[in-house]
Amino acid sequence: MANRLQFYNFSLFPYPFIPPGEDIESSWITIPNSLFDPQRAHKIFTEYLEQLVLSEKLGYDGIIVNEHHQNAFGTIAAPNVWAGWLAARTSHIRIGVIGNALPLHQNPLRVAEEIAMLDVISGGRIISGHVRGMGAEYHSSGMDPTTSKARFWEAHDLILRAWTEDGPFTHQGEHYDIEWANIWPKPVQRPHPPIWMPGTGSTETIEEVAKRRFSYMQTTTSNWITKKSFALFRRTCEETYDYTPEPTQLGRVIPTYVAETDAQAYREFLPHAMWFFRTGLKIPMHHLMPPGYNTAEAMLRTIRGRAAAGVKNFWEMSYDELIDSGHIIVGSPQTVVDAYAQQAEEYGLGMAVSAGGHLGAMPNWMVLKNMTLMAEEVMPHFREPDGKPDHLRVDRPVPHTSSGLAATTPEPRYRPVVRLTDGRDLPTDTGHIVEVIGDGSTEPPTDTPPVPQAAVDGAWRTAGDAEPVVPEQAGRRVGS
Amino acid sequence: MSLVDVPRPSRFWTEPQAVAAAGTPVAVRRGGSGEPLVVLHGHFGTRRWLPLYERLAATLDVVAPEAPGFGSTPAQPWVRSYEDVVLLYRDLLDALDLPRVHVAGYGMGGWLAADLAVWFPERIASLTVLAPYGLRVVDAPMANVFLMNPARFGEAYGLAGAPAELVEGLVPGVATPAEGGPEEWAHRYGELGSAARLMWQWRYDLALEHRLPRLAARGVPALVVGGTQDKILPSAHLHRWAGLLGCGVVEVEGGHAFPFTAPDRTADVVTTRVRQLVTEV
């Protein structure tokens with residue numbers, strides 16, 4: 001039993017108090033941060049967070065944050081911090097970090113660790129998106145755009161290996177050389193949290209995502225490009241990799257606004273959609289595409305493709321053009337239901353992202369209205385009769401309660417103990433009981449070897465083990 | 001030994017010769033006779049036998065190679081840094097049977113020319129750097145050639161006001177796809193990517209501070225040439241280079257693109273210096 005469509009609330013955390021797009025060269029890189037007022041940000045950022053928290057009660061499938069740097073369009077520079085906050089404030093909704101910009105980080109294991117920690121504390125609710133980062137962010141970080149793609153895939157592969165293989169192991173790659181890869185913690189979802197990869201429709205991205213059976217998330221584009229990308233994705237899965245993709249492998253960022261009537265929705269959404277496209281996405285080519293971020297051949301294909309399809313820059317489109325081309329959906333509940341139903345049937349859309357949430361400079365009340373109508377008037381049309389989001393029909397990887405955990409989780413392989421002077425191992429959970437410790441002392445035994453036995457023979461001696469426990473392979477496995 | 005097919009600029013295009021430098025194809029343009037002078041291009045202005053080269057060729061044997069990923073020379077995956085290009089150019093000198101040459105480089109090419117001289121001083125008769133990149137001068141950073149509004153190119157590079165026939169089609173970075181057509185745009189984007197491969201990280205090499213002074217000690221004479229109104233490279237860089245190389249600075253009227261906009265004067269400065277050195281020897 002699965003719903004026809006999943007709904008995700010995706011918040012970018014814009015800081016919209018800047019001059020109009022027409023008066024700035026770009027809302028990225030060079031826009032002075034003297035425009036940023038932390039007090040004002042406190043108000044709107046906490047509103048954004050509360051909107052995402054409310055999504056759980058409204059019945060969304062998931063809430064999403066992402067990583068962007070040094071711009072007014074989306075200010076979540078550290079998405080794993082926000083995801084931690086959201087994990088603490090929610091209990092069952094899925095939390096997507098879509099995504100961490102892997103090549104912008106020096107050490108990919110940092111991302112592996114943070115996502116794993118989020119997965120553990122959230123009880124296995126994390127979706128891990130992996131992205132290269134916007135071209136503009138290479139200017140802002142000083143990271144090398146010419147090796148970005150290669151570092152992206154190497155980092156991605158290393159992260160997956162760190163999640164799925166036991167450490168320690170050694171990674172010797174083209175771009176990362178890590179002698180001791182051995183992350184603590186590891187994610188609770190096995191073999192690893194679901195992976196989403198966003199794309200604008202590039203053949204290469206679609207091919208890689210289809211091959212790995214991950215979810216492909218089309219970023220804000222027209223219906224024409226989305227339909228083409230989804231068709232290519234499904235064809236690649238079926239013809240090249242011999243499987244039928246799940247609907248949840250195809251998501252689309254499609255900012256949607258729903259109100260009482262078509263006319264009301266049209267009027268209410270206009271200024272906010274236009275701020276988003278005209279000012280938030282004001283990124284001239286020389287900011288968007290640092291040299292080496294793409295190959296000359298890929299850029300030539302893109303330019304020709306855009307010219308053939310008559311694709312305009314975001315900030316050059318009118319509101320009606322944005323609606324007609326399908327960049328956004330705006331209307332009454334029935335209009336929105338019809339649009340989603342058509343895309344689910346015709347394109348294979350399985351996940352609507354940015355489905356009724358915040359966009360642009362929208363005030364809090366309007367976001368809450370949008371979300372509420374989406375939940376109460378639109379979502380039910382795509383749900384099974386029980387009305388639940390899909391995740392409520394399956395068990396979490398971690399029980400919700402301590403009693404549940406105690407009832408279902410096997411004894412740990414090792415219990416924490418303290419080695420006593422007389423050679424006995426004192427269990428820490430009962431070591432305070434006089435009958436257990438007896439006359440045991442924790443003074444170091446005089447004959448303790450200076451180097452622990454484990455370091456000598458690659459083994460770890462533990463309480464209750466007659467013989468040292470030898471890992472399957474004591475040495476590190478070397479690979480790239 | 002094949003070169004890359006490239007869009008041809010509207011002016012000064014000539015067919016390059018393919019030279020195998022230890023098996024790696026390098027596009028080379030060559031003209032004139034006399035003392036050999038290798039000229040190394042900057043991050044733009046490739047694919048041309050420039051008026052500057054033509055003037056230099058009146059008295060010198062001018063050899064103008066294109067670095068991997070520039071002009072008709074194919075990009076090479078093994079090029080990770082300047083050292084790889086320096087080694088390739090050393091192989092090129094061998095392939096052309098040029099045991100010792102004068103070398104001149106512009107911008108990024110000045111940095112490469114200096115590295116070539118640092119590593120193989122026995123092959124270098126003299127070093128001339130024109131508006132060279134590669135040094136960090138505190139409080140006088142270079143303009144960012146990788147992030148500039150195309151509308152500013154003319155003013156920033158000193159192209160505005162120059163004779164149209166000298167700067168027509170000469171775009172110092174990636175402009176708009178409308179300019180020169182998608183193929184030309186994509187080619188320039190690729191070339192700028194090749195430049196970024198060498199000098200995005202880092203945009204200067206602090207090691208040059210310690211390496212350049214060795215050249216004077218090894219008897220490699222040098223000259224620093226700059227534009228009087230350079231808005232890309234502050235003049236403090238010219239003087240820092242001169243201080244490290246133990247040589248003088250000659251200024252040519254013009255902005256950062258002075259080798260393109262003032263080819264006669266630039267050629268005079270370079271040839272006078274080379275002639276002087278030859279006479280001294």
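Quick note: the coordinates plus some simple rules give every number you see, no bench work behind them. The structure displayed is predicted, hence computed values, not measured ones. So basically every Cβ, Gly included, is an ideal-geometry build from the backbone, and we count neighbours across all protein chains shown.
Taking every C-alpha pair closer than 8 Å and separated by at least 6 residues, the mean separation divided by the residue count of the range A:268-350 gives a relative contact order of 34 percent. If you run the Gaussian network model on chain B, springs between alpha carbon atoms under 10 Å, then out of B:Thr266, B:Thr59, B:Thr14 the most flexible one is B:Thr14. Residue separation of A:Gln264 and A:His175 scaled by 0.36 nm, minus their Cα-Cα distance, works out to 26.8 nm of gained length. Shielding by partners for peptide A:297-304, expressed as the average number of C-beta atoms from other protein chains within 10 Å of each residue's C-beta, is 5. With a simple spin-label model that places each label point 7 Å from the Cα along the Cα-to-Cβ direction, the separation between A:Thr442 and A:Thr46 comes to 4.3 nm.
Only Lys, Arg, Asp and Glu carry charge here, each on its Cβ (+1 for the first two, -1 for the last two); on that basis the range B:17-280 has a dipole of about 460 debye about its Cα centre.
Counts of other chain beta carbons within 10 angstrom of each beta carbon in peptide B:188-201 average 6. Placing unit charges on the Cβ atoms only, positive for Lys and Arg and negative for Asp and Glu, gives the range A:46-188 a dipole magnitude near 320 debye about its Cα centre. Amide H contacts of A:Val418: A:Leu426, A:Thr428, each under 5 Å away and 5 or more positions distant or on a separate chain (H built 1.01 Å from N in the peptide plane; Pro and chain starts excluded). Our summary gives chain A a relative contact order of 19 percent, counting only alpha carbon pairs under 8 angstrom and 6 or more residues apart.
Per residue, the average separation of C-alpha pairs within less than 8 Å and at least 6 apart gives the range B:17-280 a relative contact order of 21 percent.
Look at where the Cα atoms of the range A:111-135 and of the range A:185-255 average out, and the two centres are 18 Å apart. Axis angle, to the nearest 10 degrees, between helix A:148-164 and the longest C-alpha principal axis of chain A: 40 degrees. Cut-off under 23 Å on the C-alpha distance; same-chain residues fewer than 8 positions from A:Lys282 excluded. Which lysines are left, in chain and number order? Within the straight-line cut-off, A:Lys282 pairs with A:Lys312. The residue list A:Thr164, A:Tyr176, A:Thr147 was ranked by how far each Cα lies along the charge dipole of the range A:140-220 toward its positive end, using unit charges on Cβ atoms, and A:Thr164 comes out on top.
Estimated from the Cβ-Cβ distance and a Förster radius of 51 angstrom, the FRET efficiency linking A:Asp242 and A:Arg89 is about 0.75. Protection proxy ranking of B:213-223, A:138-148, A:111-121, by the mean of other Cβ atoms within 10 Å over each peptide's residues and highest first, is A:111-121, A:138-148, B:213-223.
Neighbour counting of Cβ atoms within 10 Å sorts the residues A:Leu392, B:Leu56, B:Leu92, fewest neighbours leading, into A:Leu392, B:Leu92, B:Leu56. Note on B:168-175: average number of Cβ atoms from other chains within 10 Å of each residue's Cβ is 1.
Annotation: amide H of A:Gly99 within the under-5 Å range of A:Glu67, sequence separation 5 or more or interchain, hydrogens built in the peptide plane. So if I take the centroid of the Cα atoms in the range A:274-319 and the same for the range B:180-255, what is the distance between those two points in Å? So the two Cα centres are separated by 32 Å.
For the range B:1-44 versus the range B:107-141, the inter-centroid distance based on Cα atoms is 20 Å. Of all lysines in the structure, those lying under 24 Å Cα to Cα from A:Lys211, and not within fewer than 8 positions of it along the same chain, are A:Lys149, A:Lys227, A:Lys228. Sorted on the mean count of surrounding Cβ atoms within 10 Å across their residues, most packed first, peptides B:48-54, A:232-238 read B:48-54, A:232-238. Once divided by 2.2 N^0.38 Å, the Cα radius of gyration of the range A:299-394 becomes 1.33.
What is the helix-to-structure angle for A:333-346, meaning the angle in degrees between its Cα long axis and the longest Cα principal axis of chain A, kept from 0 to 90 and rounded to the nearest 10? Roughly 70 degrees between the two axes.
With neighbour counts taken as other beta-carbon atoms within 10 Å, the residues A:Tyr176, A:Tyr216 rank, fewest first, as A:Tyr176, A:Tyr216. Projecting the Cα atoms of B:Gly32, B:Trp241, B:Pro16 onto the charge dipole of chain B (Cβ charges, centred on the Cα centre) puts B:Trp241 farthest toward the positive pole. Cross-link partners for A:Lys186 among the aspartates and glutamates, with Cα-Cα distance under 15 Å and sequence neighbours closer than 8 places in the same chain left out: A:Glu113, A:Glu114, A:Asp119, A:Glu165, A:Asp166. On a per residue basis, the convex hull of the C-alpha atoms belonging to chain A measures out at 191 Å³. Phi angles across the range A:425-437 convert, under the Karplus curve 6.51 cos²θ - 1.76 cosθ + 1.60 with θ = phi - 60°, into 3J(HN,Hα) values of 9, 8, x, 6, 6, 10, x, 7, 8, 4, 5, 7, 6 Hz, Gly and Pro given as x.
The residues B:Ser72, A:Ser128, when put in order of fewest to most other Cβ atoms within 10 Å, stand as B:Ser72, A:Ser128. Under a model in which nothing but the beta-carbon of Lys, Arg (+1) and Asp, Glu (-1) is charged, the protein assembly as shown shows a dipole of about 920 debye around its Cα centre.
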